[in-house]
1. Classify region 1-126: rounded, prolate or oblate, from the alpha-carbon gyration tensor (a ≥ b ≥ c, eigenvalue square roots; a/c under 1.5 rounded; otherwise prolate if a/b is larger than b/c)?
2. For residue 235 and residue 115, what is the calculated FRET efficiency with R₀ set at 51 Å and r taken between the beta-carbons, to the nearest 0.05?
3. Starting from the Cα gyration tensor of the chain, take the square roots of the eigenvalues, sort them a ≥ b ≥ c, and report rounded, prolate or oblate (rounded when a/c is under 1.5, otherwise prolate if a/b is larger than b/c, else oblate).
4. Among the aspartates and glutamates, which fall within straight-line cross-link reach of residue 239, defined as a Cα-Cα distance under 20 Å, with same-chain neighbours fewer than 8 residues apart omitted?
5. Name the most mobile residue of 13, 227, 162, meaning the one with the largest mean-square fluctuation, in a Gaussian network model of the chain with Cα contacts below 10 Å.
6. May I ask you to list the lysines whose Cα is less than 22 Å away from that of residue 123, ignoring any residue fewer than eight positions away on the same chain?
7. Choose one of 11, 115, 216: the residue whose Cα lies farthest towards the positive end of the charge dipole of the chain (beta-carbon charges +1 Lys, Arg; -1 Asp, Glu; about the Cα centre).
8. Just how large is the dipole of region 142-210 about the Cα centre, in debye to the nearest 20, putting +1 at every Lys and Arg Cβ and -1 at every Asp and Glu Cβ?
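Throughout, read-outs are computed from the coordinates displayed, never taken from laboratory work. Remember, predicted model here, so these are calculated numbers, not experimental data. Note: ideal-geometry Cβ built from the backbone for every residue, glycine included; neighbour counts use all protein chains shown.
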Amino acid sequence: MEKPYSDGIAAIFEVVHRLRAPGGCPWDREQTHESLRPYLLEETYELLEAIDAGDGGKMMEELGDLLLQVAMHAEIAAEEGRFDAAQVSEAVAAKMVKRHPHVFGDVSVANADEVLRNWEHQKIHESRQAGSDQSVVDRVPASLPALAWALGLQKRAARVGFEFSSPAAAAESVAEEAKELAEVTDRERAFDELGDMLFAIVSLARTMKLNPEDALRVAGQRFRRRFAAAEASLRSEGKSFADIDTEEMNRRWEEAR
């Protein structure tokens with residue numbers, strides 16, 4: 001049987017067009033931008049998991065699933081006469097050329113940090129030209145997970161000069177927030193102080209050029225592996241964590257490294 005699509009990048013867009021055409025798949029034809037939201041989020045996290053695992057085959061598969069979501073959204077928009085996949089591609093290509101004058105123009109940059117600063121200032125300029133008085137931090141989607149949102153807010157602010165002088169200064173802020181949290185007795189105030197401390201930790205990670213989302217995910221994976229190993233050891237003896245004291249729990253935890 002001859003494959004019903006072209007070679008290359010066009011393949012998935014052609015398949016999606018056929019799926020949503022009259023006589024196509026009833027499920028695909030029913031989908032909307034809103035109904036596809038959970039799938040877009042799920043595919044993004046599955047791609048992140050593949051990246052963390054360093055699994056090239058899985059990354060290719062998950063990138064394909066994410067591209068499928070792009071194709072679906074572009075096809076829905078084309079059916080509604082708003083834009084199509086070609087316009088999506090051309091628009092982002094034009095934006096990238098405009099935002100990289102050091103590659104496509106005659107601007108010189110010293111390093112990646114300067115690239116990001118220029119990028120942010122270009123976006124501010126474009127926003128002002130469009131008559132918007134939106135803050136740079138307002139462009140960070142509030143629908144992001146809290147940790148990623150906090151990091152996004154801080155990155156945007158730092159690109160326009162709102163920044164710690166050094167990682168040591170950021171670390172001092174974490175220590176200060178931790179001290180304030182430890183001294184709080186009121187639950188409502190403790191909630192606020194905990195938020196401030198988490199925000200400060202994100203700042204420390206960012207000034208050290210570490211991604212707190214990735215660091216927390218990897219820490220969670222380490223915990224999962226060690227806990228499962230310790231739990232299996234206890235189970236082999238007919239025990240559970242509820243059957244041992246704190247000293248033995250700590251010993252088992254160290255053995256599970």
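1. Cα axes put region 1-126 in the prolate bin.
2. Here the calculated transfer efficiency is 0.45.
3. Judged from the Cα gyration tensor, the chain comes out oblate (a/c at least 1.5, b/c at or above a/b).
4. Within the straight-line limit of under 20 Å, residue 239 reaches these aspartates and glutamates: 231, 247, 248, 254, 255.
5. For the chain, modelled as a Gaussian network with Cα springs under 10 Å, the answer is 227.
6. 95, 98, 155
7. Value computed over the given set: 115.
8. The dipole magnitude comes to about 560 debye.
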